[in-house]
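Asker: A single structure is presented below for examination.
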Amino acid sequence: MNTPSDNLPRVFDSPGIAPAMISATRPFYWSVRRELWENRFIYIAPLAAAAVFLVGFLISVIGLPGKVRGLSTLDLMHYREVIATPYDIMSGSMMLIGLLVSVFYCLDALYGERRDRSILFWKSLPVSDLTTVLAKASIPFVVVPLVTFAIGVATHFLMLLLSSAILLGGGMSAAALWKSISFFRMSLLLLYHLFTAHTLWPAPIYCWMLLVSAWARRAPFLWAVLPPVAIAGLEEIAFHTSHFAAMLGERFIGSASTTSSTGPGIFPTNPMTHITPVEYLASPGLWIGLLVSVAFLAAAVRLRHSREPL
Amino acid sequence: MACIEARGLRKSFGTTIALDGIDLRIEEGRILGLVGPNGAGKTTALNAILGLIPYQGKLRVLGRDPWTERDCLMRDVCFIADVAVLPRWMRVSQALEFLAGVHPRFDRTKAEALLAKTTIERHRRVRELSKGMVAQLHLALVMAIDARLLVLDEPTLGLDILYRKQFYDSMLNDYFDRSRTIVVTTHQVEEIQNVLTDLVFIDRGRIVLNCSMEEIEARYAEVQVKPEQVAAARALQPINERQGLGRNILLFDGVDRRQLAVLGETRTPSISDLFVAVMGNHSSQGAAR
């Protein structure tokens, strides 16, 4: 009799089903796609917000020629303040929506599949827990910032076109508008700010939520929120300080003072912003945060391996 | 190589012992029915085989350790945990796409052909399908995977009798080819009677009976004894006795059929009658201890 190792491949590689070798990245790619199938709010929420925003802008832009006429076009700085505010509000609300989407996504990512027992289906497929958790983590780290960026830039562009049409219709030049908004610089700043301040800086928070969603038997939101609140409260009572709460707040809102050296009151996508990527990359806070994130993710992978459906 | 080999397999949840040292060897090409009362440890055993829970003792599935090598193992193993685990938001077409994307042995054409025999539409979401259709969909997906081991845990739970029959017919006709191994647990034991090649009874984490269907035919016999011969029949030490249609029906283990033929009409017992007899004795022994 042949040894089993000689025998097996011929028996099971029956003709016609030559097992297509699947590269390591394919399960990952399909796992990310399935997250988008399941959680359509990842792109529907920012799209809906942008649509609502555009309607509001459409109404306000009718008064634009009047506003511009009242301005001295020589004072570019003042011109931008008047003209660019809606663009900054748009960027800001996109960042906020992205943050909310990421939070809601992370809290349910590894909890929902256990609650509805579909984890038994996912685990019946040759996709490792590591691949699954990384695919889920890629949503707040890659997909949400890119979706937010794409929708933000497209909306900005539509707003600019709309304003230009109104200005031209009113017999005025749109050149000053495009100059003060500086579309490409604004887009690049939005991208920079999204990834530095709202993705990598708060990474430990997203990873903490993924970890809790892999661990909690119920109410992942409470489990994610209560321990930090308890620690902050304890610190306040015991030492009359609030370092922990301040640290969390700074992480969450992504103040990240190191991403740019602009004074307060200037919006991060304002073309006058001076970004400081070197300082940002050199800040220990960033790297400590990323290390903590990796530890949280590793724990989430272990938990997905061992936790049973609810 | 055995498809599944377990030695001293143990698993406890807190103080509850779910598996109490199971020794089991399942060769390739068998269809094994794992039968036991609720809480006997069937699902725990299957979960250990599928790498879903950690365990103590030795366990090899297709030569691999299921707990540490689940993702590799799942290229050669498929399972249907129960009818409700397909994600409810998923469209039929998405399920096909996803499996084609991640599974090296998934044959999409075959899955499409199997689905064409049903009334399931491609654009439907799982939550819009009836329970029976979800089971058909899951079976179609699983049968399109060229796996070496298929594990079914109560695959027909909650389905009506038409779907249940269709399910096993389809599995036998379109899937089983004697090189694959199938392990199935169910409470509807009568329905799998003709499907199985091997039978394992499990109770309170222990294996109570483990033999092939041929062995069962050779070993167990059921006799409808005429009233006047009941005393003579009882002398042969039946393992179980019940009443049916005014006759006493006695079940014997390892008694020569020629000897029994004198007492009345003999036949091979159904799995459910055998189950009641063997389990009844096992639990009364357990209680006596």
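The values are calculated or read from the model by the stated rules, or taken from the named source; none is laboratory data. Predicted model, so just to flag it, every value in this text is computed and none were measured. Note: ideal-geometry Cβ built from the backbone for every residue, glycine included; neighbour counts use all protein chains shown.
Asker: Under 30 Å from B:Glu214 (Cα atoms), touching a Gly at 6+ places or on another chain (Cβ under 8 Å) and crowded, with 17+ Cβ neighbours inside 10 Å: is that true of B:Lys42 in this structure?
Answerer: yes
Asker: What residue, among those in the stretch B:82-97 that are more than 7 Å from chain A (Cβ to nearest Cβ), assigned to a helix (DSSP H, G or I) and free of Cβ contacts under 8 Å to residues at least 40 places away in the same chain, is surrounded by the fewest Cβ atoms within 10 Å (Cβ to Cβ)?
Answerer: Looking at the filtered set, the residue picked out is B:Ser93.
Asker: Restricted to the stretch B:50-64, and to residues that are in a loop (DSSP other than H, G, I, E, B) and surrounded by 15 or more Cβ atoms within 10 Å (Cβ to Cβ), which residue is farthest from the other protein chains (Cβ to nearest Cβ)?
Answerer: Once the filter is applied, the top-ranked residue is B:Tyr55.
Asker: Does A:Leu200 satisfy the condition of being among the hydrophobic types (A, V, I, L, M, F, W, C), in contact with a strand residue (DSSP E or B) (Cβ under 8 Å, 6 or more places away or on another chain) and closer than 26 Å to A:Trp287 by Cβ? I'd like the intermediate steps shown before the answer.
Answerer: Details: among the hydrophobic types (A, V, I, L, M, F, W, C): yes; in contact with a strand residue (DSSP E or B) (Cβ under 8 Å, 6 or more places away or on another chain): no; closer than 26 Å to A:Trp287 by Cβ: yes.
Here the answer is no, as A:Leu200 does not meet what is asked.
Asker: If a residue has to be of a type in the set (Val, Ile, Thr) and either at the interface with chain A (Cβ under 7 Å from one of its Cβ atoms) or surrounded by fewer than 17 Cβ atoms within 10 Å (Cβ to Cβ) (or both) to count, how many in the stretch B:66-81 make the cut?
Answerer: Of the residues in the stretch B:66-81, 1 are of a type in the set (Val, Ile, Thr) and either at the interface with chain A (Cβ under 7 Å from one of its Cβ atoms) or surrounded by fewer than 17 Cβ atoms within 10 Å (Cβ to Cβ) (or both).
Asker: Touching a residue at least 40 places away in the same chain (Cβ under 8 Å), of a type outside the set (Phe, Trp, Tyr) and more than 12 Å from every other protein chain (Cβ to nearest Cβ): is that true of B:Leu129 in this structure?
Answerer: Answer is no for this residue.
Asker: Would you confirm, using the coordinates I've provided, whether A:Phe104 is in a helix (DSSP H, G or I), surrounded by fewer than 14 Cβ atoms within 10 Å (Cβ to Cβ) and under 24 Å from the mean Cα position of the chain (by Cα)? Full working, then the answer.
Answerer: On the way: in a helix (DSSP H, G or I): yes; surrounded by fewer than 14 Cβ atoms within 10 Å (Cβ to Cβ): no; under 24 Å from the mean Cα position of the chain (by Cα): yes.
So A:Phe104 fails the test.
Asker: Give the residue that is farthest from the other protein chains (Cβ to nearest Cβ), with candidates limited to residues of the stretch B:104-113 that are assigned to a helix (DSSP H, G or I) and surrounded by 13 or more Cβ atoms within 10 Å (Cβ to Cβ).
Answerer: Restricting to residues being assigned to a helix (DSSP H, G or I) and surrounded by 13 or more Cβ atoms within 10 Å (Cβ to Cβ), the top hit is B:Glu112.
Asker: Which residue, of B:Ala116, B:Ala100, is more than 8 Å from every other protein chain (Cβ to nearest Cβ), in contact with a helix residue (DSSP H, G or I) (Cβ under 7 Å, 6 or more places away or on another chain) and free of Cβ contacts under 8 Å to residues at least 60 places away in the same chain?
Answerer: Testing whether each residue is more than 8 Å from every other protein chain (Cβ to nearest Cβ), in contact with a helix residue (DSSP H, G or I) (Cβ under 7 Å, 6 or more places away or on another chain) and free of Cβ contacts under 8 Å to residues at least 60 places away in the same chain leaves just B:Ala100.
Asker: Taking the stretch B:249-258 on its own, how many of its residues are exposed (fewer than 13 other Cβ atoms within 10 Å of the Cβ) and not in a loop (DSSP other than H, G, I, E, B)? So that I can check it myself, show each step before the final result.
Answerer: First, pick out the residues of the stretch B:249-258 that are exposed (fewer than 13 other Cβ atoms within 10 Å of the Cβ): B:254, B:256, B:258.
Filter again for not in a loop (DSSP other than H, G, I, E, B), leaving B:258.
Qualifying residue count, the stretch B:249-258: 1.
Asker: How many residues are in contact with a Ser or Thr (Cβ under 9 Å, 6 or more places away or on another chain) and modelled with pLDDT under 85 if we restrict to the stretch A:144-172?
Answerer: Looking only at that region, the number is 1.
Asker: While we're here: Looking at the stretch A:189-223, which of its residues are more than 16 Å from the chain's Cα centre (by Cα) and in a helix (DSSP H, G or I)? Full working, then the answer.
Answerer: So in the stretch A:189-223, the residues more than 16 Å from the chain's Cα centre (by Cα) come out as A:211-223.
Across the stretch A:189-223, the qualifying residues are A:Leu211, A:Val212, A:Ser213, A:Ala214, A:Trp215, A:Pro220, A:Phe221, A:Leu222, A:Trp223.
Asker: Quick test of your reading of the structure: A:Met95 fulfils all but one of (1) of a type outside the set (Gly, Ala, Ser); (2) surrounded by 20 or more Cβ atoms within 10 Å (Cβ to Cβ); (3) within 14 Å of chain B (Cβ to nearest Cβ). Name the failing condition by number.
Answerer: A:Met95 satisfies all of (1) of a type outside the set (Gly, Ala, Ser); (2) surrounded by 20 or more Cβ atoms within 10 Å (Cβ to Cβ); (3) within 14 Å of chain B (Cβ to nearest Cβ) except (3).
Asker: Hey, among the residues in the stretch B:56-66 that are touching a helix residue (DSSP H, G or I) at 6+ places or on another chain (Cβ under 8 Å) and without any contact (Cβ under 8 Å) to a residue 40 or more places away in the chain, which one's nearest to B:Gly205 (Cα to Cα)?
Answerer: Filtering first and then ranking leaves B:Pro66.
Asker: Wholly within the stretch B:171-243, which strands (runs of 3 or more DSSP E) include no fewer than the required count, namely at least 2 residues that are more than 26 Å from B:Thr44 (Cα to Cα)?
Answerer: Output list reads B:220-225.
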